Structures are given as structure tokens and as C-alpha cells.
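The values are calculated or read from the model by the stated rules, or taken from the named source; none is laboratory data. If you're wondering where the values come from, they're calculated on a predicted model, not measured in any experiment. Note that each Cβ is placed from the backbone with ideal geometry, even for glycine, and that neighbours are counted across all protein chains shown. To get the accessible areas, we keep the full protein, side chains included, count just its heavy atoms, and leave off ligands, DNA and RNA. Shrake-Rupley method; radii C 1.70, N 1.55, O 1.52, S 1.80 Å.
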Amino acid sequence: MNTLRISFSAYNRIENHFGNCIILIQEELFCISKIYKYSVSFGYYICSEIIVDKLIDKLCVKQNEDFLKAYYSAKKDGLSFTVFTDSGNMNMNLFRFPRFGEADFEIVLNSLGGQKINETHSKTPDFIIDSILLELKDLQKDSLENIERQNNIAKIFENINDYAINIDPSLDFGELTYEYHRLIKNTIQNQFKSASKQIKQYKNQEFVKSGIVIFNTGFNSLPHELFKEMVADILKRETKTIEFAFIFSQRMQTNGWNMDSIYSSEWIGIIPNEIKNIKSKFDDLIKIKMTEMMTKNNSSTILETQKPISFLIDEKIFFWNPGQIKFPWEKTYV
């Protein structure tokens, strides 16, 4: 019986670290679903390409004791699992990175003379400032975690012949890129439709302009630049009610030793002069809260670290991986 060596990187969602994994399996038992589920049974979700090698028995018996233990286990039981973990443990991170939300935006708007609109029996926009209506939406979940979205992604890539497919939206998928990006953009477009409806129900001749504020809090797989590009396209082609947008991406990653965070905001469209200061005021608030994190570390709402996403459909693994942060004893990021 031939033995195969299956090599890949994976992420442990329980212990919150990465690992380089090796599964040894008898060739006649090999299938991707078995590999994926076997790895998950140890807590490791595959988040890389998969390398498959056929082992030569006479060379295997000359390897070290640990390899031989896994090798003979696979011969006996059909397969074996070995993992070489990194030194990460996100549970070790003690810093409470601030997560910005509607309450923070309200603070900024109030400082400029704006106010929150009281809710009624019908849905209303969130804010008003100088006869300008603003509706705030927050992308709190990554659409790659959505089961329906996963099935649609699998359909787009059904003709790709590979064991594992990296679905990072920033990659170039050739002729599939447009369709994939259109699918992702639907998530943002739905927020525009909801905001437009709320603004239309409330708007009259007294309110001459209207815009949308979109926070990207949990859609980690969507890069800020692509987020910006998609919002700009929707503003240009898909809406007449909403004239401009303020977008804000916030994300954090840690391995328990090092940490990295990004807070990025942008105006898109034709921005009324009365509200242009929102960006600088919001940037100031971010600086204040980050300073408080380093001195007091008492943020009431915290930003969760971004983690890889992995799912299995039709004998293919689909994954998004934010990458690994290097440790203090290492010099650069990968």
C-alpha cells in the first residue's frame, strides 16, 4: 500500500495559533473531505494550499523516531496527524483594542453641531447635521462565514481544479474576478438599499443632501482599498438617493506577543463642506482612544483579532488567511 504525505498550514480556533501540519494517509483512503475533517478533529482548519507527496517506503524507514511513529500509525490505522505549532497564543494578548461604533460617530457629530434622529414607528436615518441626513451601517460579520455565500463562492470556482483555493478578494482570479467581486459587493449594496429606503421615508425638501456612513468592523477579508473601490462604484452606478459616503475600516491582529492594528477612514463622492471636518475629528478620537489603551487599557468595546476562514464544499477547501505576524525575536512580517 502506498502512503501519501499531505502538507499544509492550519489555524487552531481553540488555542488560537497557527501550525504546519502533516497527515500521512494510505493512498486508497485519500480524499480532500477526509483530510479536512481529520484535521478539524484536532482543532486545525486548513488555511493554505495543500501539497501531496507519495512516500518511498525504503526511505521512510531511515527517518527519525517521530516520523516513524507517524508512519507506522498510518500503516496500521490508515492515517496519522502531526503538527508543528508556532509560538502564538492570541489568548495571551492583554490589550483591549478599541472598537469604534455608532456611539463614537455620534460623539464626533455632536461636536460639530449634529444630532441623532429619534426613532419612530418607521425606520429613520441615524443622524442629521446642517440639513444633511446620514445613515450609519456596520459590517460586523465577514460574508465569507455565511453559508449561502460560501455555496455561491464554490459555484464560481467550480471549474478550478485544485485541492485548496485561496479566496482572498485582493487576488487576481482572471475572468472570475469580476463575478467574485460582484458577489462580495452585494453585501455592501444591500446596506445602500437599506439606507436609501430609510432616507426616502424621512427626507423632504428641508433636507437637501444625504449620505451613508459604513463601518467595516468584521468583514476582515475585504481590504480597505477594495472596499473603497466598491463603495465608489455603487455611488456612481447604483443609487440616486445617496450622494456620498464616509467609510471606516478597523481591524486588529495579534499572536499574543506582537500586535498590529489598522484604522482607516475615507470620504467618497461629493462631500458637503459642512461635514468635511468629520474625518479629522474622527481621526483625533482614534488617537485619543489608542493612547488610553496604552495607559489605561479600559476600552468598553474591544476589537476582535482577525482569524483565517476555511470551509469545505464539494471536495474543495476554500480559505482566506490574513497571514502570520512575526514574533518579537523575528525581524519582519510575512
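Taken as a whole, the structure places MET230 among residues that are of a type in the set (A, V, I, L, M) and surrounded by 15 or more Cβ atoms within 10 Å (Cβ to Cβ). Residue check: ILE14 meets all listed conditions (1) of a type in the set (A, V, I, L, M); (2) in a loop (DSSP other than H, G, I, E, B); (3) touching a Leu at 6+ places or on another chain (Cβ under 7 Å) but one, namely (3). Being touching a residue at least 24 places away in the same chain (Cβ under 8 Å) and either among the charged types (D, E, K, R) or open to solvent by less than 70 Å² (accessible area, probe 1.4 Å) (or both) is a description that does not apply to LEU68. Restricted to region 284-300, and to residues there that are part of a helix (DSSP H, G or I) and farther than 11 Å from PHE100 by Cβ, the residue that is most open to solvent (accessible area, probe 1.4 Å) is LYS287. Taken as a whole, the condition of being over 23 Å from ASN166 (Cβ atoms) and among the aromatic types (Phe, Trp, Tyr) does not apply to TYR36.
Yes or no: region 15-37 includes at least one residue that is within 30 Å of THR301 (Cβ to Cβ), among the charged types (D, E, K, R) and in contact with a Phe, Trp or Tyr (Cβ under 6 Å, 6 or more places away or on another chain). Break it down stepwise before answering.
Here is the first cut: in region 15-37, the residues within 30 Å of THR301 (Cβ to Cβ) are 15-18.
Next, only the ones that are among the charged types (D, E, K, R) stay: 15.
With the extra rule that they be in contact with a Phe, Trp or Tyr (Cβ under 6 Å, 6 or more places away or on another chain), the set shrinks to none.
No, there is no match, as no residue in region 15-37 is within 30 Å of THR301 (Cβ to Cβ), among the charged types (D, E, K, R) and in contact with a Phe, Trp or Tyr (Cβ under 6 Å, 6 or more places away or on another chain).
Which residue out of GLY256, GLY323 is surrounded by fewer than 16 Cβ atoms within 10 Å (Cβ to Cβ) and of a type in the set (Gly, Ala, Ser)? Spell out how you get there, then give the answer.
Numbers: GLY256 fails: surrounded by fewer than 16 Cβ atoms within 10 Å (Cβ to Cβ).
Every option except GLY323 fails the conditions.
For first residues located in region 255-271 and more than 24 Å from ILE14 (Cβ to Cβ), partners that are of a type in the set (D, E, K, R) and open to solvent by 40 Å² or more (accessible area, probe 1.4 Å) and lie 6+ apart or on another chain with Cβ distances below 7 Å form the pairs SER265/LYS279; SER265/ASP283; GLU266/LYS228; TRP267/LYS279; ILE268/LYS228; GLY269/GLU243; ILE270/GLU243.
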